[in-house]
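To start, the structure under review is shown below, and the notes come after it.
The values are calculated or read from the model by the stated rules, or taken from the named source; none is laboratory data. Since we're looking at a predicted model, the values are computed, not measured. Glycine also receives a Cβ, built like all others from the backbone with ideal geometry; neighbour counts cover every protein chain displayed.
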Amino acid sequence: MTIAGVSSSSLVWSNNGVVSTARWLSANGVPAPKRVESVDDTITADAAYRLASQGVAMLWTGDFQNARQILTAVEHRTRPRPDKTERTTGELFYRYRQNRSHRARILGMLLIPLGKANVIGLRRAPNVMEATQAAYGTLTEECVVSLHEVLGTLGAEQWRIRGIDVAALNAKIYPHYGTFFPVRSEYVDLVAHAPLDAPQVAFDIGTGTGVLAAVLATRGVPRVVATDLEPRAIASATETMKRLGLEKRVEVQLTDLFPAGRADLIVCNPPWIPATAHSLLDGAVYDPGSRMLRGFLAGVLTHLNPGGEVWLVLSDFAELVGLRSRTDLLELIAASGLRVVEARGAPAVHVRAGDTTDPLHSVRAAEVTSLWRLRAL
């Protein structure tokens, strides 16, 4: 059994004249590489980087820990060189995205076997069963996966085991693999402290882990309906409500945008950046063509009770890098038949805002997340 959203196809390669095939899996939807060579512990990092740069994937047959070392060495070779050229924020963002895309493509070229019951068939391989089940489901046949992606599942599993403290809930959230981690407190705190006029029903659109729905419920909203179109998010939000004892007050639904019916309060924290997502987690931050933002604003009035309020939680990151202007946003709001009652802003306090080595440090440090309180015209 595999999980919805995982790309699957056949991978073919040759080793000493022997042709082999296996099932290719990618939780990020990456297509199977067209050229594959078997490699082992004798390959150097420079040789691995050259092959990856040429579009040749490498199926590792040696020691697992050596594969990790090679991947780390290759990663060092993908880091951008210092650039002292004066650039606009838009140019900096474009270069940043280019480098991330290049890095992801190169690091995804080192492959490992993942067999039945999610066991890696390499020497000194760790137990990845639970971590990879979260990404791919339980495997019943021999598969090939990206080592970089598998390491990502291990990191996500650690996040899930430790949990993420959410001060507004005085509790922890335990996100599932592929669900946006609520590590940025700004948007959660905005929802936790915005004026609340005793709504009886609230919708949380694009709920993710369910953190905002949980905040609304703990603030006294009797009924909250939380929606998402990703099955992983639905599983994560459902677990969140059970852990917090809110399952009787929060209903979680798998749907695109709105559930049936109307609400007194409709909250949405859509992806902030109108650009293409390059990975599963990118989908929580990148929204090509502002599809979700536009769809939410275009349809929200048909689901809002008379006198109700809409809370749109949005970062101005896209404005700072020139992908959307404040005028564009206000025109979208007005075209949807809504007016701005208040915009409550919170400066960036997340870790990356203080990282001076980040090429986008000036943008991240200036970023403001706002809760736009909207009502019908």
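So, of the residues in region 257-288 that are in a loop (DSSP other than H, G, I, E, B) and hydroxyl-bearing (Ser, Thr, Tyr), which turns out to be modelled with the lowest pLDDT? Ranking the candidates gives SER279 first. Residues of region 111-122 that are touching a helix residue (DSSP H, G or I) at 6+ places or on another chain (Cβ under 6 Å) and in a helix (DSSP H, G or I): ASN118 alone. When residues in region 130-175 are screened for being of a type in the set (D, E, K, R) and buried (at least 16 other Cβ atoms within 10 Å of the Cβ), 3 of them pass.
In the set ARG103, ARG95, ARG68, only one residue is touching a residue at least 40 places away in the same chain (Cβ under 8 Å), within 23 Å of the chain's Cα centre (by Cα) and not in a strand (DSSP E or B); that residue is ARG95. The sole residue among LEU371, LEU301, LEU293, LEU312 that is within 21 Å of ALA194 (Cβ to Cβ), at pLDDT 95 or above and more than 23 Å from the chain's Cα centre (by Cα) is LEU301. The condition of being within 26 Å of HIS176 (Cβ to Cβ), assigned by TED's automatic domain parsing to the domain that holds ASP41 and part of a helix (DSSP H, G or I) holds for only one of ALA125, ALA73, ALA134, that being ALA134.
Only residues that are among the aromatic types (Phe, Trp, Tyr) and either surrounded by fewer than 18 Cβ atoms within 10 Å (Cβ to Cβ) or part of a strand (DSSP E or B) (or both) were counted across region 48-63, and they come to 1.
When VAL224, VAL310 are screened for being in a strand (DSSP E or B), closer than 29 Å to ARG160 by Cβ and either among the aliphatic types (A, V, I, L, M) or assigned by TED's automatic domain parsing to the domain that holds LEU338 (or both), only VAL224 passes.
Residues to consider are THR240, THR209, THR255, THR218; find the one that is among the hydroxyl-bearing types (Ser, Thr, Tyr) and farther than 20 Å from ALA167 by Cα.
Working: THR240 fails: farther than 20 Å from ALA167 by Cα; THR209 fails: farther than 20 Å from ALA167 by Cα; THR218 fails: farther than 20 Å from ALA167 by Cα.
Selected residue: THR255, the only one of THR240, THR209, THR255, THR218 that is among the hydroxyl-bearing types (Ser, Thr, Tyr) and farther than 20 Å from ALA167 by Cα.
Answer with yes or no whether GLY345 is under 27 Å from TYR94 (Cα atoms), touching a strand residue (DSSP E or B) at 6+ places or on another chain (Cβ under 6 Å) and surrounded by fewer than 16 Cβ atoms within 10 Å (Cβ to Cβ). Considered against the rule, which asks whether it is under 27 Å from TYR94 (Cα atoms), touching a strand residue (DSSP E or B) at 6+ places or on another chain (Cβ under 6 Å) and surrounded by fewer than 16 Cβ atoms within 10 Å (Cβ to Cβ), GLY345 comes out as yes.
Of the residues making up region 137-166, those that are touching a residue at least 40 places away in the same chain (Cβ under 8 Å) and in a loop (DSSP other than H, G, I, E, B) are GLY137, THR138, LEU139, THR140, GLU141, GLU142. Among the residues making up region 236-256, those that are buried (at least 20 other Cβ atoms within 10 Å of the Cβ) and either touching a Phe, Trp or Tyr at 6+ places or on another chain (Cβ under 7 Å) or of a type in the set (Gly, Ala, Ser) (or both) are SER236, ALA237. Restricted to region 39-65, and to residues there that are of a type in the set (S, T, N, Q) and out of contact with any helix residue (DSSP H, G or I) (no Cβ under 7 Å at 6 or more places or on another chain), the residue that is nearest to ASN15 (Cα to Cα) is THR61.
Which one of ARG223, ARG219 is touching a helix residue (DSSP H, G or I) at 6+ places or on another chain (Cβ under 8 Å), over 26 Å from ASN28 (Cβ atoms) and surrounded by fewer than 18 Cβ atoms within 10 Å (Cβ to Cβ)? Step through it out loud before you land on a result.
Values: ARG223 fails: touching a helix residue (DSSP H, G or I) at 6+ places or on another chain (Cβ under 8 Å).
Going through ARG223, ARG219 in turn, the sole match is ARG219.
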